[in-house]
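Novice: Next up is a structure, given as structure tokens.
The values are calculated or read from the model by the stated rules, or taken from the named source; none is laboratory data. Predicted, not measured: the structure shown is a model, and the values here were computed from it. Neighbour counts run over all protein chains shown; Cβ positions are idealised from the backbone, glycine included. In case anyone asks, the SASA skips ligands and DNA or RNA and just uses the protein heavy atoms, side chains included. Shrake-Rupley method; radii C 1.70, N 1.55, O 1.52, S 1.80 Å.
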Amino acid sequence: MTDGLIPPRLRNDCFAMPQGVEWVPVDEALALLRTRLHAVTGTEDLTTAAAHGRILAAPATARRSNPPRPNSAVDGYGFAHAATSEGVQRLPLVPGRAAAGQPFADTVPPGRAIRILTGAILPDGVDTVVLEEDCATDGQAVAFDGPVKRGINTRQAGEDVPEGAMILPAGHLLTPADLALLSAVGVAHVAVHRRLRVAVLSTGDELLPDPAAPAQPHQIFDANRPMLLALLAEWGFETIDLGHAPDDAVEIAARLDRGAHDADAILTSGGASAGDEDHVSRLLRDRGTLSSWRIAVKPGRPLALALWDGVPVFGLPGNPVAAMTCALVFARPALSLLSGAGWSAPQGFTVPAAFSKRKKAGRREYLRARLTDTGAAEVFASEGSGRISGLSWATGLVELPDGACTVAPGDPVRYLPYASFGIRPAG
Ligand code: AMP
Ligand code: MG
């Protein structure tokens, strides 16, 4: 394994907001992240078979054509088209046959035919194959109805991929289908990005990390950390669990230090606003390069973005609904860029609404949603950002535009399935 190219560090001011900006619309926030961040991972060589889910660091090129030689697409009889015509054709068979992996060594003379099986290289003299179901044979000759189309039931060399063709670009995430393609064209090794390492920290005096522990009335179980760690794992990143820190600057700093040492990026949740107990944002302001992005989004609001020892920190809100929404909408594309996979935008679908809503101008809204049997989007009854059950009830989000809008049942709305955020669909 080689550790290839080491990319440059992020610029210290990569999260800086232009002076005087109060509220940032979602699209502007995304555009800023997109222009300021870049891949931070080195590269390594892997065998193709081991590269599922990894990101190509360089374009992949076919070492061999697919198929490498012309071959038969069916089981049947092969011959030279030029020696056939209209009406019933009766061609004497040459002895032997052509099968996949068992090429026929001789030439098939014009006017004669050969038994040929799927995947067999076309012997010299053969350019056309008739399907065995369309033939009659007595073992000595084969008969079928003409005319047949020249080249029918054959595959040309390189018709799928010609040798030397660029088959997959740098930044491409390798799927099972890609492993088939790479293998078919003789690519045994690929240069991929090292997996992005992302650390997760929860903050808050009220949090109890272990849901099995006896809880005092003032304590709540940490819901964000398992959620964020699971999201990151679904996105193919290496995860580092920084545990939970109370609202204490020294404790939080110690964990951020560990995160900056071990990871390429850090997600925190809680303490990211500007209140008394918002130690994450205070610390990032004092010791990191904090930029508090007041994003015009609901649920969400301040997203604390900072570099801690050169490592980007995404300070997510504490409310689990806001934490997950911000992770999907902002952290995922940013992390994707850091990982070398390029920017990722979820694919949305326009579907009829199965709900009513009136919304004011100013903030883009994401509602927990799922599709009804008829493909309309229904939304969770409560919009409260503490309603974790709604996150779990939903199978995606409905995105309402920044401006004011009124939605009535049947109106088109934009539905973003969880799957389009890289989360495996349930069931
Ligand atoms: P904060 O952003 O720290 O002001 O937290 C906002 C709300 O989210 C508070 O009600 C917190 O108790 C809650 N909260 C913060 N972190 C978590 C977490 N990890 N799991 C569940 N709830 C949390
Ligand atoms: Mg808190």
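Let's see how each residue does on (1) within 16 Å of ligand 2 (Cβ to nearest atom); (2) in contact (Cβ under 8 Å) with a residue 12 or more places away in the chain; (3) over 20 Å from ARG34 (Cα atoms):
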| residue | (1), (2), (3) |
| --- | --- |
| PRO352 | no, yes, yes |
| LYS357 | no, yes, yes |
| LYS360 | no, yes, yes |
| ASP373 | no, no, yes |
| GLY386 | yes, yes, yes |
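Novice: On to the next question. Run THR325 past the list (1) within 15 Å of ligand 1 (Cβ to nearest atom); (2) under 25 Å from the mean Cα position of the chain (by Cα); (3) open to solvent by 10 Å² or more (accessible area, probe 1.4 Å); (4) among the hydroxyl-bearing types (Ser, Thr, Tyr) and report the number of the one that doesn't hold.
Specialist: (3)
Novice: When both residues are 6+ apart or on different chains and their Cβ atoms are under 9 Å apart, which pairs have a first residue that lies in the range 79-94 and is free of Cβ contacts under 8 Å to residues at least 24 places away in the same chain, and a second that is surrounded by 12 or more Cβ atoms within 10 Å (Cβ to Cβ) and part of a strand (DSSP E or B)?
Specialist: The qualifying pairs are VAL94/ALA113; VAL94/ILE114; VAL94/ARG115.
Novice: Moving on to the next point. Checking PRO103 against (1) assigned by TED's automatic domain parsing to the domain that holds ALA331; (2) surrounded by 12 or more Cβ atoms within 10 Å (Cβ to Cβ), only one condition comes out false. Which one?
Specialist: Every listed condition holds for PRO103 apart from (1).
Novice: A further question on this structure: If we scan the range 230-240, do we find a residue that is at pLDDT 95 or above, surrounded by fewer than 23 Cβ atoms within 10 Å (Cβ to Cβ), within 16 Å of ligand 1 (Cβ to nearest atom) and not acidic (Asp, Glu)?
Specialist: Within the range 230-240, one or more residues are at pLDDT 95 or above, surrounded by fewer than 23 Cβ atoms within 10 Å (Cβ to Cβ), within 16 Å of ligand 1 (Cβ to nearest atom) and not acidic (Asp, Glu).
Novice: Could you tell me whether ALA199 is of a type outside the set (S, T, N, Q) and either closer than 26 Å to ALA49 by Cβ or in contact (Cβ under 8 Å) with a residue 60 or more places away in the chain (or both)?
Specialist: Details: of a type outside the set (S, T, N, Q): yes; either closer than 26 Å to ALA49 by Cβ or in contact (Cβ under 8 Å) with a residue 60 or more places away in the chain (or both): yes.
Yes; evaluated as a whole, the condition is true for this residue.
Novice: Are there any pairs, at least 6 apart or on different chains, whose C-beta atoms fall under 7 Å, with the first in the range 44-70 and modelled with pLDDT of 95 or more and the second among the polar types (S, T, N, Q) and not in a loop (DSSP other than H, G, I, E, B), and if so, which?
Specialist: THR48/SER183; ILE55/SER339; ALA57/THR43; PRO70/THR154
Novice: Within the range 126-144, take every residue that is out of contact with any helix residue (DSSP H, G or I) (no Cβ under 7 Å at 6 or more places or on another chain) and among the acidic types (Asp, Glu) and give me the one that is most open to solvent (accessible area, probe 1.4 Å). Full working, then the answer.
Specialist: Our first condition is that a residue be out of contact with any helix residue (DSSP H, G or I) (no Cβ under 7 Å at 6 or more places or on another chain); within the range 126-144, this holds for 126, 129-143.
Now narrow it down to the ones that are among the acidic types (Asp, Glu): 132-134, 138.
Values: GLU132: 68, GLU133: 134, ASP134: 98, ASP138: 98 Å².
Among residues in the range 126-144 that are out of contact with any helix residue (DSSP H, G or I) (no Cβ under 7 Å at 6 or more places or on another chain) and among the acidic types (Asp, Glu), the one most open to solvent (accessible area, probe 1.4 Å) is GLU133.
Novice: Name every residue in the range 56-66 that is part of a strand (DSSP E or B) and open to solvent by 20 Å² or more (accessible area, probe 1.4 Å), in order of residue number. Working first, answer last.
Specialist: Step one: list which residues in the range 56-66 are part of a strand (DSSP E or B), which gives 56, 60-61, 66.
Scanning the range 56-66 gives THR61, ASN66.
Novice: I would also like to ask the following. Against the definition (over 23 Å from the mean Cα position of the chain (by Cα), of a type in the set (Asp, Glu) and within 16 Å of ligand 2 (Cβ to nearest atom)), how does ASP210 come out, yes or no?
Specialist: Judged against the criteria, ASP210 is not a match.
Novice: Still on this structure, I have one more. Taking into account only those residues within the range 372-398 that are under 22 Å from the mean Cα position of the chain (by Cα) and open to solvent by 30 Å² or more (accessible area, probe 1.4 Å), which is nearest to PRO320 (Cα to Cα)? I'd like the intermediate steps shown before the answer.
Specialist: So the first thing to find is which residues in the range 372-398 are under 22 Å from the mean Cα position of the chain (by Cα), and the list is 391-392, 394-398.
After this cut, where a residue has to be open to solvent by 30 Å² or more (accessible area, probe 1.4 Å) as well, the list is 392, 395.
Working: SER392: 11, THR395: 16 Å.
Ranking the qualifying residues of the range 372-398, first place goes to SER392.
Novice: If VAL187 satisfies every condition in (1) more than 16 Å from ligand 1 (Cβ to nearest atom); (2) under 24 Å from ALA304 (Cβ atoms) but one, which is the exception?
Specialist: Status for VAL187: all satisfied but (2).
Novice: Identify the residue in the range 272-306 that is crowded, with 20+ Cβ neighbours inside 10 Å and over 22 Å from PRO25 (Cα atoms) and, among all such residues, is farthest from ligand 2 (Cβ to nearest atom).
Specialist: GLY288
Here is a yes/no grid of residues against (1) out of contact with any Lys or Arg (no Cβ under 9 Å at 6 or more places or on another chain); (2) assigned to a helix (DSSP H, G or I); (3) more than 30 Å from GLY164 (Cα to Cα):
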site: PRO7; (1), (2), (3): yes, no, no
site: PHE15; (1), (2), (3): no, no, yes
site: GLU22; (1), (2), (3): no, no, yes
site: ALA39; (1), (2), (3): yes, no, no
site: ALA82; (1), (2), (3): no, yes, yes
site: LEU93; (1), (2), (3): no, no, yes
site: ALA105; (1), (2), (3): yes, no, no
site: VAL108; (1), (2), (3): yes, no, yes
site: GLY111; (1), (2), (3): yes, no, yes
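Novice: Still on this structure: Being of a type in the set (A, V, I, L, M, F, W, C), more than 24 Å from the chain's Cα centre (by Cα) and part of a loop (DSSP other than H, G, I, E, B) is the filter; apply it to the range 399-423 and report the residue that is nearest to PHE355 (Cα to Cα).
Specialist: Residue satisfying both the conditions and the ranking: ALA408.
Novice: Looking at this structure, is ARG69 open to solvent by 40 Å² or more (accessible area, probe 1.4 Å), assigned to a loop (DSSP other than H, G, I, E, B) and closer than 30 Å to PRO147 by Cβ? Walk me through it before giving the result.
Specialist: On the way: open to solvent by 40 Å² or more (accessible area, probe 1.4 Å): yes; assigned to a loop (DSSP other than H, G, I, E, B): yes; closer than 30 Å to PRO147 by Cβ: yes.
So ARG69 passes the test.
Novice: Still on this structure: Consider ALA184 against the criteria (1) within 22 Å of GLY318 (Cβ to Cβ); (2) modelled with pLDDT of 95 or more; (3) more than 13 Å from ligand 2 (Cβ to nearest atom); (4) open to solvent by 20 Å² or more (accessible area, probe 1.4 Å): it satisfies all of them except one. Which criterion is unmet?
Specialist: Only one criterion is unmet by ALA184, namely (1).
Novice: Give all pairs with beta carbons closer than 6 Å in which a residue from the range 264-281 that is on the phi > 0 side of the Ramachandran plot meets a residue that is within 9 Å of ligand 2 (Cβ to nearest atom); count only pairs at least 6 apart in sequence or on separate chains.
Specialist: Pairs that qualify, where the first residue is on the phi > 0 side of the Ramachandran plot and the partner is within 9 Å of ligand 2 (Cβ to nearest atom), are GLY270/THR203; GLY270/GLY204; GLY270/GLY318; GLY271/THR203; GLY271/ASP278; GLY271/HIS279; GLY271/VAL280.
Novice: In this structure, is HIS172 away from ligand 2 (no atom under 16 Å from the Cβ) and open to solvent by less than 40 Å² (accessible area, probe 1.4 Å)?
Specialist: On the way: away from ligand 2 (no atom under 16 Å from the Cβ): yes; open to solvent by less than 40 Å² (accessible area, probe 1.4 Å): no.
No, not satisfied.
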